[in-house]
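Quick notes on the structure that follows.
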Amino acid sequence: MTFTQRVFSGIQPSGDLHLGNYLGAIRRFVPLQDTHETIYCVVDMHAITVWQEPNALRRATREVAAAFIAAGIDPKRSIIFNQSQVVQHAELAWVFNCIARMGWMARMTQFKDKAGKNSENVSLGLFAYPSLMAADILLYKGTHVPVGDDQKQHLELTRDIAAKFNNDYAAAIAEQGLGVDGEFFPITEPLIAGPATRIMSLRDGTKKMSKSDPSEQSRISLLDDADAIAKKIRKATTDPAELPLMVDGLKDRPEADNLVGIYAALSDKTKPEVLAEFGGQGWGRFKPALADLAVSVLAPMSEQMRRLLDDPETIDAVLRDGAARASVIAEQTMAEVRSIIGFIR
Ligand code: AQP
């Protein structure tokens, strides 16, 4: 017996969705529908680990759902839902809080980056974030998780939590006949690949493009119009040198490397192929070509997102339907977990 090949991934409704979210995650969700069971979640409970104004949270939740659908995720073939509608996420996260070790959590670089010098004053939820993420995935016994490179460490922690649960409760799992080859939870495989696993800020090639960056100029938002996209790319920080002929020449040129990577990802080419076309040329030629390409890929999607967002009732119905289908799987797993742990029902 093997685990069902099941993909789970989530996006936080914590601000403007951007090109990094699209290229590093959402776009890669679409083809997996042909090969796996697919579950895509708007992780609103993760979003509130930092302050979210309630109306903005509702808007952003619908925006992520609209982006999923506009990118080509079919709500009938995939499950699309928002995390807070399936209460078992919180329940399993608590169990995992009791499995994960403080030392594991304290090593998480994303917490250190987000908390900065203010670590005494951030929410406890922000510290426990990776434990909730492990619960999101393992509630569905997710075998594969497509994410950007920034989530690699959290995925490793998910694997550690699964392994420790399997090990701590090995006797109960075997006694109750609940495992697959002795494992109750699968050891999830991250899917981190392609030229766009880490898209960087347009203002600073050493910083990740991020929803929470205070500068709107740092990111291309999925709802930006053609003018805004062209302007942001025109103003993107670059060094003065022309584009190199070979990929080696992008070393120590983070902004150039980032823009070439974006072009490669948007055109389904490799960086050497992009440099074969643009190497030796200046930014005056490359930036307009990149802007045209970005508009041609993003404009149809943002148009559809806008149409969907004009009809919030339909989006909410998709989320409710997805939550009902997700709850069936979630409750099955949670019933088994309660019984393995020794909770009486
Ligand atoms: N810059 C990026 N390049 C490639 N992939 C990225 N992802 C995020 N930023 C980039 C991927 O998008 C998915 C959803 O991310 P998230 O919403 O869980 O939050 P995050 O990783 O913390 O991304 P943000 O946009 O920077 O949000 P904030 O600012 O709220 O923290 C993940 O698969 C992520 O890897």
Within segment 152-172, does at least one residue satisfy the condition of being within 16 Å of the ligand (Cβ to nearest atom) and among the hydroxyl-bearing types (S, T, Y)? yes
Take segment 14-58 and flag every residue that is within 23 Å of S119 (Cα to Cα) and either part of a helix (DSSP H, G or I) or more than 8 Å from the ligand (Cβ to nearest atom) (or both). D44, M45, H46, A47, I48, T49, W51, Q52, E53
Does K287 satisfy being more than 18 Å from V87 (Cβ to Cβ), outside any helix (DSSP H, G or I) and either not polar (S, T, N, Q) or not assigned by TED's automatic domain parsing to the domain that holds A66 (or both)? no
Go through segment 158-180 and count every residue that is under 19 Å from Q332 (Cα atoms) and in contact (Cβ under 8 Å) with a residue 60 or more places away in the chain. 7
From the list T197, T206, exactly one residue is closer than 23 Å to Y263 by Cα, touching a Pro at 6+ places or on another chain (Cβ under 6 Å) and among the hydroxyl-bearing types (S, T, Y). Which is it? T206
Among S201, S218, S267, S212, the single one that is out of contact with any His (no Cβ under 6 Å at 6 or more places or on another chain), within 28 Å of E156 (Cα to Cα) and at pLDDT 95 or above is S201
All positions within segment 211-222 that are within 14 Å of the ligand (Cβ to nearest atom) and either over 20 Å from S14 (Cβ atoms) or surrounded by fewer than 20 Cβ atoms within 10 Å (Cβ to Cβ) (or both): K211, S212, D213, P214, S215, E216
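For (1) closer than 15 Å to L139 by Cα; (2) crowded, with 20+ Cβ neighbours inside 10 Å, each residue gets a yes or a no:
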position: C41; (1), (2): yes, yes
position: A66; (1), (2): no, yes
position: D74; (1), (2): no, no
position: I79; (1), (2): yes, yes
position: N82; (1), (2): yes, yes
position: Q85; (1), (2): yes, no
Of the residues that sit in segment 89-114 and are surrounded by 12 or more Cβ atoms within 10 Å (Cβ to Cβ) and small (G, A, S), which one is farthest from the chain's Cα centre (by Cα)? A100
Taking the criterion of being more than 16 Å from Q151 (Cβ to Cβ), charged (D, E, K, R) and at pLDDT below 95, would at least one residue in segment 92-107 satisfy it? no
When every residue in segment 62-117 that is among the β-branched types (V, I, T) and either part of a helix (DSSP H, G or I) or within 13 Å of the ligand (Cβ to nearest atom) (or both) is compared, the one nearest to A163 (Cα to Cα) is V95
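The values are calculated or read from the model by the stated rules, or taken from the named source; none is laboratory data. Quick caveat: nothing in here was measured; it's all calculated off a predicted structure. We place every Cβ from the backbone using ideal geometry, glycine too, and count neighbours over all the protein chains shown.
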